[in-house]
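The values are calculated or read from the model by the stated rules, or taken from the named source; none is laboratory data. Since this is a predicted model, take the numbers as computed values, not measurements. Virtual Cβ from ideal backbone geometry, glycine too; neighbours counted across all protein chains shown. Surface accessibility is based on the protein's heavy atoms, side chains included, excluding ligands, DNA and RNA. Shrake-Rupley method; radii C 1.70, N 1.55, O 1.52, S 1.80 Å.
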Amino acid sequence: MKKLTVVSLLLLLLVACQNNGNTEDAQQLIDSSPQNVTEKETQQEGEIPTSQEKEDIPPEYLDETNYTGEKLEIVKLMNARMRYLYEKDEKEYMNLFDPKSPISGMGRYKVRKITSISDIIIQEQKKLYQGAVTITELRENDKEYINTMVFWKKKADGDNAQWVIADID
């Protein structure tokens, strides 16, 4: 019985000490003057951006001056995809894709920049031209993702044929 009483008293003492520390912390917060709060806010402005601020950083687009002809049209599509993801414009985003594409909606992420791009390979098929490129994307979470993008340009559309995104794997 003595042991139980001693353990209970020690537990009570420990809880009391913890509450005393919390009371002192709370009192310090209450005693902070508006001037101190303003100083703290000023110091925080120079700190590393939060994840919310990172999301607002516009993407770094591929330099279109490095491409010509059909490859330039494909790079423009890649840049438009990044822009519509950034703007969260699902309607315009989906207009970049072929209606038969397995892509059914816009991702809920933003691409900050494409850090690597393979050669754009364009092959002539029976009914269309197909382009493919492997890219490494840096997304807003600072992780890199490797994707293969496939593009189509239908021969049946003649002179009005436009490149569209067929798939992203």
Leading residue by the ranking (least open to solvent (accessible area, probe 1.4 Å)) among those in segment 135-154 that are among the charged types (D, E, K, R) and touching a Phe, Trp or Tyr at 6+ places or on another chain (Cβ under 7 Å) = Glu137
task = With respect to Tyr145, determine if the residue is of a type in the set (Ser, Thr, Tyr) and in contact with a helix residue (DSSP H, G or I) (Cβ under 9 Å, 6 or more places away or on another chain).
result = no
request  = Run down Glu73, Glu124 and say which single residue is in contact (Cβ under 8 Å) with a residue 60 or more places away in the chain and acidic (Asp, Glu).
outcome  = Glu73
ask   = Looking at segment 112-134, which of its residues are in a loop (DSSP other than H, G, I, E, B) and open to solvent by less than 20 Å² (accessible area, probe 1.4 Å)?
value = Ile120
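For the structure I just gave you, tell me whether Tyr67 is in contact with a Pro (Cβ under 7 Å, 6 or more places away or on another chain) and either surrounded by 10 or more Cβ atoms within 10 Å (Cβ to Cβ) or at pLDDT 50 or above (or both).
Values: in contact with a Pro (Cβ under 7 Å, 6 or more places away or on another chain): no; either surrounded by 10 or more Cβ atoms within 10 Å (Cβ to Cβ) or at pLDDT 50 or above (or both): yes.
Here the answer is no, as Tyr67 does not meet what is asked.
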inquiry  = Checking Tyr109 against (1) crowded, with 16+ Cβ neighbours inside 10 Å; (2) outside any strand (DSSP E or B), only one condition comes out false. Which one?
reply    = (1)
request  = Of the conditions (1) without any contact (Cβ under 8 Å) to a residue 24 or more places away in the chain; (2) surrounded by 13 or more Cβ atoms within 10 Å (Cβ to Cβ); (3) part of a helix (DSSP H, G or I); (4) out of contact with any Asp or Glu (no Cβ under 7 Å at 6 or more places or on another chain), Lys91 clears all except one; give me its number.
outcome  = (2)
